[in-house]
1. Can you compute the FRET efficiency between Thr721 and Ala639 using 1/(1 + (r/R0)^6), with r the Cβ-Cβ distance and R0 = 25 Å? Round to the nearest 0.05.
2. Tell me, what is the FRET efficiency for Arg342 and Arg463 to the nearest 0.05, using R0 = 51 angstrom and their Cβ-Cβ distance as r?
3. Obtain the nm distance between the two label points defined at Ser223 and Leu48 by a simple spin-label model: each point lies 7 Å from its Cα along the Cα-to-C-beta direction.
4. Volume per residue, Å³, of the convex hull around the alpha-carbon atoms of the range 350-476?
5. Going by accessible area, probe 1.4 Å, with all protein chains left in place, what is the ranking of His585, His334, largest first?
6. For the chain, take the longest principal axis of its alpha carbons; what is the angle in degrees between that and the long axis of helix 8-17, to the nearest 10 within 0 to 90?
7. Can you give the extra length, in nm with one decimal, that the chain gains between Lys538 and Thr833 once fully stretched, where that is 0.36 nm per residue apart less the Cα-Cα distance?
8. What whole-number value in cubic angstrom gives the convex hull volume per residue for the C-alpha atoms of the range 631-718?
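The values are calculated or read from the model by the stated rules, or taken from the named source; none is laboratory data. Since the structure is predicted, the reported quantities are computational estimates derived from the model, not experimental observations. Using ideal geometry, Cβ is built from the backbone for each residue, glycine included, and neighbour counts are taken over all protein chains shown. Surface areas here come from the heavy atoms of the whole protein model, side chains and all, with no ligands, DNA or RNA. Shrake-Rupley method; radii C 1.70, N 1.55, O 1.52, S 1.80 Å.
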Amino acid sequence: MGYPALTLNKACRRARQIALPVYFLFPLVMMLQTLVGVALADNAAFDLIGPKIDVRVQRAGVTLPIAEVPSLQGGDRLWVHPDLPDSQSVRYLMVVVFLRGATNPPPDSWFTRVETWSKPAHDEGIFVIVPEEAEEALVFLAPETGGAFSTLRTAVRGKPGAFVRASQDLVQASLDRERLEKYLDAVREISASDPEQLKTRTTLLARSLNIRLDQQCFDKPTSQQAPCLTQNTDQLVLDDAHSQSMITTLTSGPSSDLLAQLSSTPNARSGYYSPYVGAIVDVARILSTAHTAQYQYIPALALPERDELNLRLNNPPSFRNPKSVIVIGLPPVHPAPVPPLRAVDPAQVLCAGKPLLLLPAEGAPLAFATDLAHSFVLHVDAKSGPGTGPGINLPAKPDPMQGGFLIETQALQSADLDGEITGILRGSWGFHPFDGPHYRLRTSRPVHWIVASKDASALIVGREDTLHLQSPDACCVSAVKLRFNNELGKDGKGKDEQAKQLETEWKSSKPDELEVKVPLQKAEAGSVTMLIRKFGLKDADEIPLHTYAEAGRLDSFSIHAGDANGILKGTRLDHVDSLEVNGMHFKPTTLTRANQQDELKLSTQEADVKSKLHPGDSIVVQATLKDGRILDLTSQVEALRPSVSVLSRSVQLDQTSSPSTVRLGSNDELPQDARLNFFLKTEVPEAFTSTEKIEVATADESFRVLLSFKDGNLTLQDSKTVFAVLDPMKLLGPSAFGALKFRPVTADGTDGDWQPLVDLVRVPTLKAIHCAPAPEKQCTLNGDKLFLIDSVSADADFSNSVAVPEGFGEDALAIPPPKGKTLYIKLRDDPGTVDTATLPLLTAQQ
């Protein structure tokens, strides 16, 4: 084969043996990488179908097909049968040879010559006993020449190490090729039968067989995914420590130590250095050293199926000198370690009641790709049952596309199993039984399900919610439905007979927990029942639940020390029925909404509320909704709110304007064009601060103003007393009227209680009373803005009054004849107070 036959792993071992410095090793590796890449184009395919050889192995009276034998041992009786067609035109000489090490040539008796064209060999095969000191076994198929047998024997005895290593690498390459073939066949099957599941199934397949999976293939269109996953086959097979540990090497370490390391580096990712390809290159190089003028040796991969060894060649055999000798490796002659199967998740609990149970497993690709591990069963201890002995053995089938072993559990249904049990995956590794991973199994029982505390009120109509249900039997759930108890049946017979049932989406998020997505987009609030069906049980577990309208949100609750009422802020506070604050009961009083937020005022009648709440105290708030749900909130008692009292007040009229003809009937009335002077004394805090303000507003708070020291509307008399001035026309405008209130406001925005201040009234301008002479006795009241009057009367009890209609815009109003110059009027801004007006009384002649 020339230069390219020298491979990286051999070169690097050779470098270590002769102590080459590391800086010499790397250029050598890079050069060989290029050379090997050229060679593999013609030598790595192994796509030529060769002849078949049947092999069975007998040990201690037990016979197994070669596909179930991972290794041979001294004393084994081999049955070897060349399965050549009757029409075979070239006579093949078959030689079975056993090797005993690289430095110890085998004796002549370890070579068995078989003339495949002879009737006994062709029809019945031959039996060969494995020598006690043998380490490897090979089969040669060579075109018959006069000295074929002696030539082959001389070649093996002359270079036993070459054939020892060739045997090891051929077995390694065959095992890796079986993994590759299993993967490729499965991907094609999935692509043809269920392309939508290609990613899920192929991911499990690659985990089972230890195959490199290119995730970028799943970004392609569906029709292109399978071709992408099966291209570059020389890059797919990953290192498998178990199969390598089965193969003894000439030097220390497994055969692909260096190859496995290089395959993870950027420069070696061309795909020429997978364990499979590396072993092939090793065999090609080794066998090339044994070429003679008469024979050349070509490797064959042996892919067993039961007792058949199906041979795959990478070069067509030559029947001219040098003729081609096909070299076939048999299992090594030494104990092989059992497959290191392990459970994917040892903590996972599986349901023994499932008709078809999957035991997830990984770590041993040969258990999925070959028949070397066989006769798998799941062993379960049971008190009694259909099985014999102390337990039940259920056949187990490896399924790499599902990532584990499939178990039919019908035999467990009548067994006496209690709660959680342990199952052991057992099998045979060649002739020897072995125990695999342990699995936790549960049987279905009617149980009580616990709703997670955080989800107790989670089912809100109009949306999809998630519910977490806890039970040891979560792994055995087969279906989850929701029954709406308030739905009538189609026949109208009642709510419970044919209540509506809805499928839900669910998964077992933990060994003892079920996560259920409950679709309530079109549901109504009310009682519902969760129906949980489990494998092996006829009746479903029922969980009574309740769905709710959206509860809204509690944002904050504020209450000041000394107060009997507080403010709850949030959304949908109209659903709040009551509030508990540190054991004190509050009831809603007023609900308002501002800035997309509800504000609910609540008050309590408990007399000791002022003594129970102190500034800075932490409080726990529990809001009970009208549907019974309880929402929690934590808060803190705020400081005492500011408080002031009125010491005195007086009205100062505008001296620059003519005096009004209207005399107000109450000291609580303030003309709009007058000024109110009032003194306030602080109660909380102990002294006024320079930043404190007094807010004055109308009853509906549509007009308001802040009186401050800075604006000159507040003046300190002393630290506890302030003189305040209110000019309503200037500060509130001409449209403000009615009862005015005030409250103190601190710099941080904390305000005190509203207190009544004065009634602001707008006063019309009245000029005179004009009366016609008798007998008409008709009079009119003349003036400006008469619409500010509510009613006019000639006597104080308003027994004979005239109401001013709404929208009255005249300057004269017909009134009853007055008894003198005094009229009694009620202003529209304060109709509860009787005011008087003294006006000139004029007759028609005047």
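1. Numbers: r = 22 Å, r/R0 = 0.89.
Between Thr721 and Ala639 the formula returns 0.65.
2. 0.75
3. About 3.7 nm, to one decimal.
4. Details: hull volume 18.0 nm³, N = 127.
Roughly 142 Å³ of hull volume per residue.
5. Numbers: His585 75, His334 40 Å².
Heavy-atom accessible area, descending, gives His585, His334.
6. 70
7. On the way: separation 295, 0.36 × 295 = 106.20 nm, distance 8.31 nm.
Gain on extension, Lys538 to Thr833, equals 97.9 nm.
8. Values: hull volume 15.9 nm³, N = 88.
Spread over its residues, the Cα hull of the range 631-718 gives 180 Å³ apiece.
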